[in-house]
Amino acid sequence: MNGLTPVRALWLATALLAPLATAGEWSGNVGLEGTLFAGDPLFAEQSDSNLSLAFEPEYFHDWDDGAQRIVIAPFLRVDLRDKKRTHGDLREAYWQRSFASMELAVGLRKVFWGVTESIHLVDIINQTDFVENLDGEDKLGQPMVSLRALPEWGTVDLFVMPYFRERTFAGNEGRPRLPLPIDQDAARYESSRGDQRVDLALRYSHYFGDFDIGLAHFSGTNREPRFEIAFDPLRGASLVPNYDRLEQTSLDLQATKGDILYKVELISRHNFDGRSTALAAGLEYTLTGIFDTAADLGLILEYLFDDQPALRTSFRNDVALGGRLALNDVQDSELLAFAIVDADTQTTLASIEGSRRLAQSWRLSLEGRFFLNPDPTDFLFGLRDDDYVELTLERYF
Amino acid sequence: MNHRLSDRTRRVGAAAKRSAFFVLATAIVLSANIALAQTPEQRGLEIAMEADRRDEGFGDSQVTMRMTLRNKNGDERSRQMRSQSLEVADDGDKSLIVFNDPADVKGTALLTFSHKEGADDQWLFLPALKRVKRISSSNKSGPFVGSEFAYEDLSSQEVEKYRYKYLRDESFDGRDHFVIERYPVDKKSGYTRQVVWLDTQHYRVFKVEFYDRKKSLLKTLVSSDHKQYKDKFWRPGVMEMTNHQTGKSTRLEFFEYEFQTGLDEADFTRNSLSKAR
């Protein structure tokens, strides 16, 4: 039930897009990604390198004097090693109608909430396309009817989400992946309606002078699964994703004070396990024109806290340290270096992301992730041999 | 073209000679008056206020811009963007810029609420993540999309953002100009002073020299191809910024200027930023 197979996605995209080929505007990119792993894989079916191709076109069309819009953005990836990573999706496919101070949208959409850099706690509308990247910033299109009201005192969004999308995971050949195979077909739901339960979310956001604020409540099925170990005499042990019900209230706040941005994301969640709290808070300080050049260096410091009892992929007591270098040159060269350190175990996730434009329409990106000092009790322990460096070359059109 | 221009210059020259005596006499009387009534600082402020007054009431405007970035070897890169502006009574203008090219930044948009005093408010929309991000506006001296234009060169030029001093009158290209100096009030500015040439007839800026924090000449901006819209508002068709210290230059061309198109506050919000194309 995990949504779209690549073939189905392609077929659907073609069927939807064919009549639109003449009106509106096309853009998008094709990217070739090459990955090299530093060490030998933990599992025999994994490899120490990978090659993968992604295609992400976007169509949009405005009419009715800008009051109506259609956006269609399919996504397709073909992966050399991992059958599960060869996948497709409709990132966006929606119709939007604007009224005087109201907007209605129907279809698959992508919505981002939040302010912090190291993790995105309050961002809950879309399911993570986890097989794409560990950072959780790739999202699956969420089917919804959304209503936005724009009174003078802020922005109010109501989301009605009639269908749940399961998280994607790397297959057995995929790398990095969790230590046991994931039995996605056996996924369990707390709600008796399974993936057909209607999830709801309400958000208020606005700015007051230097402050940008967002207050939200989500009532539905948790996007993040809890795993139970299942044992099959023939196939051995596997992880079964459990999608529990969740009530989550969130606050995101940013104060923009000159060169310093102060950021807070706070969530209070309630599930079968009781109530828990998670926090990401910190600051970003930008040094401009460093070393007498046009470059800016942003220093990022964030503290992460989570008291959820169930063992999950959470940052329970961590410090995130980072630097973002923007050369402000013609190629828009950028480099983001990051480390999230567990204050208790010193398990560290280090990350580097850089990119630079080549000629007018190409972009070359570098990504590296390193799992340092892994403690056997930490969820990152399973990735201890999966340090990698990845180069991506994208052509934009 | 050149010939006709020089012809006209000659005719103007002859006319000027004929009335030279009156001009001289008037100038003496005037300068005596000015000396009594006005300091160069007051005169400079007066010119800046008059330039500002002549642009009042533009309401809103929209324009497509093409930027050509040239390095000292002559290699060129281009940028294309669409800009909308809204005049705000008693405060700085609001603006929304959407990038179209290069393709990898297509859909990226920048919303600015400029203020007469204090820091501007700025939000950036990142289309890949669908993220609206409030950003620090204190880096006004930084380059705009890798060009020779700094953010502060392109932001709404409010009278209150500078102190002024009148220097002299100067004629070139068949026009008379006021030459004034202005000093940024904001300590974050990348400049210690700017020398501005405005024509005496319409108060249009034709040239600006920018002096960096070390007080040496950094850049020169030359504006040309001015056109008048709605019988009132003058806008340059081309702005050419040359960096004397790096040898790089940026040419900014404006296309399809439109005024009073009916934009209002609702077109300059975080919501409109996230929908901008």
**OP:** Being at the interface with chain B (Cβ under 10 Å from one of its Cβ atoms) and either surrounded by fewer than 19 Cβ atoms within 10 Å (Cβ to Cβ) or in contact with a His (Cβ under 6 Å, 6 or more places away or on another chain) (or both) is the filter here, so list the residues in segment A:260-290 that pass it.
**Re:** A:260, A:285, A:287, A:289
**OP:** Take segment A:95-121 and flag every residue that is within 12 Å of chain B (Cβ to nearest Cβ), more than 21 Å from residue B:269 (Cα to Cα) and either not in a loop (DSSP other than H, G, I, E, B) or not charged (D, E, K, R) (or both).
**Re:** A:116, A:120
Original post:
If residue B:121 satisfies every condition in (1) more than 9 Å from every other protein chain (Cβ to nearest Cβ); (2) within 19 Å of residue B:264 (Cα to Cα); (3) modelled with pLDDT of 90 or more but one, which is the exception?
Top reply: (1)
Original post:
Within segment A:196-236, can you find the residues that are of a type in the set (D, E, K, R) and either under 24 Å from residue A:382 (Cβ atoms) or within 20 Å of the chain's Cα centre (by Cα) (or both)?
Top reply: A:199, A:203, A:223, A:224, A:226, A:228, A:232, A:235
Original post:
Of everything in segment B:251-277 that's more than 10 Å from chain A (Cβ to nearest Cβ) and of a type in the set (S, T, N, Q), which residue is farthest from residue A:111 (Cα to Cα)?
Top reply: B:260
**OP:** Could you grab me the full set of residues in segment A:49-74 that are more than 11 Å from every other protein chain (Cβ to nearest Cβ), of a type outside the set (A, V, I, L, M) and surrounded by 15 or more Cβ atoms within 10 Å (Cβ to Cβ)?
**Re:** A:50, A:52, A:55, A:57, A:59, A:74
Original post:
Among the strands (runs of 3 or more DSSP E) contained in segment A:196-271, which hold 1 or more residues that are aromatic (Phe, Trp, Tyr)?
Top reply: A:199-208, A:211-221, A:226-232, A:236-243, A:260-271
Subject >> Criterion: crowded, with 17+ Cβ neighbours inside 10 Å and not polar (S, T, N, Q) - qualifying residue of B:49, B:81 >> reply: B:81
**OP:** Within segment B:84-98, identify whether any single residue is modelled with pLDDT of 95 or more and over 17 Å from the mean Cα position of the chain (by Cα), and answer yes or no.
**Re:** yes
Original post:
Looking at (1) touching a Phe, Trp or Tyr at 6+ places or on another chain (Cβ under 6 Å); (2) at pLDDT 90 or above, which is the only condition residue A:383 fails?
Top reply: (2)
**OP:** List every residue pair whose Cβ atoms lie under 7 Å apart, where the two residues are 6 or more positions apart in sequence or sit on different chains, the first residue falls within segment A:291-311 and is under 19 Å from residue A:280 (Cβ atoms) and more than 13 Å from chain B (Cβ to nearest Cβ), and the second residue, located anywhere, is surrounded by fewer than 14 Cβ atoms within 10 Å (Cβ to Cβ) and β-branched (Val, Ile, Thr).
**Re:** A:307/A:277
Original post:
Does residue A:184 fit the bill of being modelled with pLDDT under 95 and either loosely packed, with under 15 Cβ neighbours inside 10 Å or over 30 Å from residue A:369 (Cβ atoms) (or both)?
Top reply: no
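Out of the residues in segment B:206-222 meeting the condition of being within 15 Å of the chain's Cα centre (by Cα) and over 12 Å from residue B:175 (Cβ atoms), tell me which one is surrounded by the most Cβ atoms within 10 Å (Cβ to Cβ).
Checking each candidate, the answer is B:219.
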Subject >> Matching residues in segment A:340-351 - criterion: being surrounded by 16 or more Cβ atoms within 10 Å (Cβ to Cβ) and either touching a helix residue (DSSP H, G or I) at 6+ places or on another chain (Cβ under 7 Å) or not small (Gly, Ala, Ser) (or both) >> reply: A:340, A:341, A:342, A:345, A:347, A:348, A:349
Original post:
Can you tell me which of A:395, A:356, A:369, A:363 is crowded, with 18+ Cβ neighbours inside 10 Å, within 14 Å of chain B (Cβ to nearest Cβ), under 23 Å from the mean Cα position of the chain (by Cα) and not in a loop (DSSP other than H, G, I, E, B)?
Top reply: A:363
**OP:** Count, please, the residues in segment B:125-152 that happen to be within 24 Å of residue A:29 (Cβ to Cβ), more than 7 Å from chain A (Cβ to nearest Cβ) and part of a strand (DSSP E or B).
**Re:** 4
**OP:** Return the total of residues in segment B:201-221 being among the charged types (D, E, K, R), without any contact (Cβ under 8 Å) to a residue 40 or more places away in the chain and under 15 Å from residue B:189 (Cα atoms).
**Re:** 5
**OP:** Please work out if residue A:34 is at pLDDT 95 or above and on the phi < 0 side of the Ramachandran plot.
**Re:** yes
Subject >> Exclusive hit being within 22 Å of the chain's Cα centre (by Cα) and touching a residue at least 12 places away in the same chain (Cβ under 8 Å), set A:58, A:103 >> reply: A:58
**OP:** Only residues in segment B:172-185 that are small (Gly, Ala, Ser) count as the first member; pair them with residues that are outside any loop (DSSP other than H, G, I, E, B), Cβ under 8 angstrom, at least 6 apart or cross-chain, and list the lot.
**Re:** B:174/B:5; B:174/B:8; B:174/B:9; B:174/B:12
Original post:
Take the residues of segment A:372-389 that are buried (at least 17 other Cβ atoms within 10 Å of the Cβ) and closer than 30 Å to residue A:329 by Cβ: which is farthest from the other protein chains (Cβ to nearest Cβ)?
Top reply: A:387
Original post:
Hey, among the residues in segment A:274-315 that are outside any loop (DSSP other than H, G, I, E, B) and among the aromatic types (Phe, Trp, Tyr), which one's nearest to residue A:262 (Cα to Cα)?
Top reply: A:285
Original post:
Taking interchain pairs and intrachain pairs at least six residues apart, which have beta carbon atoms under 6 angstrom, with the first residue in segment A:349-368 and aromatic (Phe, Trp, Tyr) and the second assigned to a strand (DSSP E or B)?
Top reply: A:362/A:395
Original post:
Out of A:147, A:178, which single residue is within 21 Å of the chain's Cα centre (by Cα) and either surrounded by fewer than 18 Cβ atoms within 10 Å (Cβ to Cβ) or not in a strand (DSSP E or B) (or both)?
Top reply: A:178
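The values are calculated or read from the model by the stated rules, or taken from the named source; none is laboratory data. The model shown is predicted, which means the values in this text are computed figures rather than measured ones. Because the Cβ atoms are built from the backbone with ideal geometry, glycine has one as well, and the counts that use them run over all protein chains shown.
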